[in-house]
1. Any chance you could count how many residues in region 182-219 are surrounded by 18 or more Cβ atoms within 10 Å (Cβ to Cβ) and touching a Leu at 6+ places or on another chain (Cβ under 9 Å)?
2. Quick one: which residue in Phe171, Phe149, Phe236, Phe162 is within 16 Å of Gly73 (Cα to Cα), under 20 Å from the mean Cα position of the chain (by Cα) and either aromatic (Phe, Trp, Tyr) or surrounded by fewer than 18 Cβ atoms within 10 Å (Cβ to Cβ) (or both)?
3. Out of the residues in region 115-146 that are in a loop (DSSP other than H, G, I, E, B) and more than 11 Å from Phe222 (Cβ to Cβ), which is most open to solvent (accessible area, probe 1.4 Å)?
4. Just wondering, is there one or more residues in region 265-275 that are among the polar types (S, T, N, Q), open to solvent by less than 40 Å² (accessible area, probe 1.4 Å) and closer than 26 Å to Leu105 by Cβ?
5. Could you list, in sequence order, all residues of region 206-227 that are assigned to a helix (DSSP H, G or I) and more than 19 Å from the chain's Cα centre (by Cα)?
6. Examine region 210-221 for a residue that is at pLDDT 90 or above and closer than 30 Å to Gly161 by Cα, and state whether such a residue exists.
7. Restricting to region 22-36, what's the tally of residues that are under 16 Å from Leu168 (Cα atoms) and surrounded by 15 or more Cβ atoms within 10 Å (Cβ to Cβ)?
8. Please verify whether region 185-194 includes one or more residues that are at pLDDT below 90, of a type in the set (Lys, Arg) and not in a loop (DSSP other than H, G, I, E, B).
Amino acid sequence: MKGVLIAVAVVALLFVANGLLTGSLVPGASISPYFVQILCLAGINVILAVSLNLTSGFTGQFSIGHAGFMAIGAYASAAVSYYGGDRIRAVFGFLPPVFRDGVVLLAALAVGAVLAAIAGFLVGVPSLRLRGDYLAIVTLGFGEIIRVFILNIDKVGGARGFSGIPKLANFFWIYLFAALTVLVVYRIVHSSFGRTLIAIREDEIAAEAMGVDTIRAKVITFVVSSTMAGIGGGLFGHYLMYLHTNSFTFIRSIEIIIMIVIGGLGSITGSVLGAFLIIVLSEALRAIGALRMVVFALLLILIMRFRPQGILGQRGFGSFLMRRRRLPTVPAAPLGR
């Protein structure tokens, strides 16, 4: 019951925040659309960073193909809403327009998530038998294959890009799915399966010796992470209303990796912090164009040199606020008693 009340409160809070930001709740009272867009893109970054941290931070598998799963979710969901949106609205014609748009978005995101999960399974089964640099190379190659494949599909725009996508995502939907992503990853990490993932990260050989099916655990994690990336891609397309394969190059995957490394590998709140930090720096350094990647690289070098565990390490925000309770010292009993 308590969890239901919290969920209702979060949904209500997001609804009110969305109304205040867009001016729909209080006419004439809204903030700049530019800042709203920054907040929404930051929310999408949260989904991508937290989902990748599940694979790289908590399981210890270095993947550079996250943008590929994001692209699958983005283009698949956009195609559903673009070509089948009117049919879905007709089926749910008894609902108000806002709810019909919500149904279209959820249906589109579901298709994108399922296809991204299937792709994650097909890539994960053979590639997750590899370790270290080999896994990174395989996932990097997969991301580029997906991008080039989409580039040659004329139905989704090809080299021209996919335009005309209905704007169905907003602050409410983006942060609702960001909260769900954080919740799902938190519950996974703090479960018995999460302890299996931590064991694989710390010493995979020892985990196998203890009877852990490491391949199965890694594939499940990879599929879950890919599914969340597909949802993030779907929200990305339905918010910007335009998609191009240049948005899903390996540079995009590197940006997501930078988010979790700066925030802290193995820290959910660190991923959230890194997602917001990168989007803020990207906008602050927009004037220097492509040179901002140089700044990101220098920032990453400095983090690796002076704070290799990331800003938060493997801790959350709460650990900095809570004081450790000191237990009273109990004197040792004399020998012979």
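The values are calculated or read from the model by the stated rules, or taken from the named source; none is laboratory data. These numbers come from a predicted model, not from an experiment. Neighbour counts run over all protein chains shown; Cβ positions are idealised from the backbone, glycine included. The accessibility values were calculated without ligands, DNA or RNA, using every heavy atom of the protein model including side chains. Shrake-Rupley method; radii C 1.70, N 1.55, O 1.52, S 1.80 Å.
1. Looking only at that region, the number is 7.
2. Numbers: Phe171 fails: within 16 Å of Gly73 (Cα to Cα); Phe149 fails: under 20 Å from the mean Cα position of the chain (by Cα); Phe162 fails: under 20 Å from the mean Cα position of the chain (by Cα).
Only one candidate qualifies: Phe236.
3. Within region 115-146, the subset in a loop (DSSP other than H, G, I, E, B) is 128-132.
Imposing the further condition that a residue be more than 11 Å from Phe222 (Cβ to Cβ) reduces the set to 129-132.
Values: Arg129: 156, Leu130: 66, Arg131: 103, Gly132: 45 Å².
Here the residue is Arg129.
4. Within region 265-275, one or more residues are among the polar types (S, T, N, Q), open to solvent by less than 40 Å² (accessible area, probe 1.4 Å) and closer than 26 Å to Leu105 by Cβ.
5. Taking region 206-227 first, the residues assigned to a helix (DSSP H, G or I) are 206-209, 214-227.
Within region 206-227, Ala206, Ala207, Glu208, Ala209, Thr214, Ile215, Arg216, Ala217 qualify.
6. Scanning region 210-221 turns up no residue that is at pLDDT 90 or above and closer than 30 Å to Gly161 by Cα.
7. Residues in region 22-36 being under 16 Å from Leu168 (Cα atoms) and surrounded by 15 or more Cβ atoms within 10 Å (Cβ to Cβ): 2 in total.
8. No, every residue in region 185-194 fails to be at pLDDT below 90, of a type in the set (Lys, Arg) and not in a loop (DSSP other than H, G, I, E, B).
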